[in-house]
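Worksheet: the structure to be examined is printed underneath.
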Amino acid sequence: MAPPAPPEMPRMQLSSVVLIAIAAIGALLLVSILAYILVIVPLPIDSRLWWTGLASAFFAIGFYVISGATGDRRVTRPLAGAFFVVSAGSLYASILHPSNTTDPTLKLIWFVVLTVLVLLALWGIFIMSRDRERDAARRAQRRITP
């Protein structure tokens, strides 16, 4: 007697395939926007870094809003954090790059403004994570034991 055939593997749902395709198109779009700014646009390097920082800040805000709207924090929160880091790094680099010939006082003002914005964002992240931890502890106390 022949052994029974193995059970059929579960197939991907069409909605999962469509979501993966949408994510791939979105990733390609983000990469193409940043590549266009950094490689193709005929601007000085400090201007390209500034525009990269601004675009990355918009992407970070967008991913943060998406994570809040969907409740999915596995993918969108790290992406928001990564784009926040790229944004801050690009903006700091555009201020401090040697080809930036702006007045040193103006550079200092922009540096301080950017530092204040970064610190406010980090403070907000800290407050939200503390509140999330408090909510998780409160929910853990509500478990009904059999």
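Values in this text are rule-based calculations from the coordinates and carry no lab data. Quick caveat: nothing in here was measured; it's all calculated off a predicted structure. All Cβ positions, glycine included, derive from the backbone under ideal geometry; neighbour counts span all protein chains shown.
Shown here for region 49-146: trypsin sites (Lys or Arg not before Pro) in loop regions (DSSP other than H, G, I, E, B) with at most 13 other Cβ atoms within 10 Å, namely Arg73, Arg74, Arg142, Arg143.
Of all the options Leu43, Leu114, Leu28, the one that moves most in a Gaussian network model of the chain with Cα springs shorter than 10 angstrom is Leu28. In the chain, helical runs assigned H by DSSP with n ≥ 4 each contribute -39500 (n - 2.57); averaged across all residues and rounded to the nearest 500, the mean residue ellipticity at 222 nm is -26000 deg cm²/dmol.
Taken as Cα centroids, region 98-119 and region 50-68 sit 21 Å apart, rounded to the nearest whole angstrom.
How far apart, in nm, are the 7 Å Cα→Cβ label points at Ile25 and Thr70? Those two pseudo-labels are separated by 1.5 nm. Across region 76-93, computed HN-Hα scalar couplings (Karplus, 6.51 cos²θ - 1.76 cosθ + 1.60, θ = phi - 60°) run 6, 5, x, 5, 4, x, 5, 5, 5, 5, 4, 4, 4, x, 5, 5, 4, 5 Hz from first to last residue, x flagging Gly and Pro. For an R0 of 30 angstrom, estimate the FRET efficiency from the Cβ-Cβ distance between Asp103 and Ile125 and round to the nearest 0.05. FRET efficiency, Asp103 to Ile125: 0.35.
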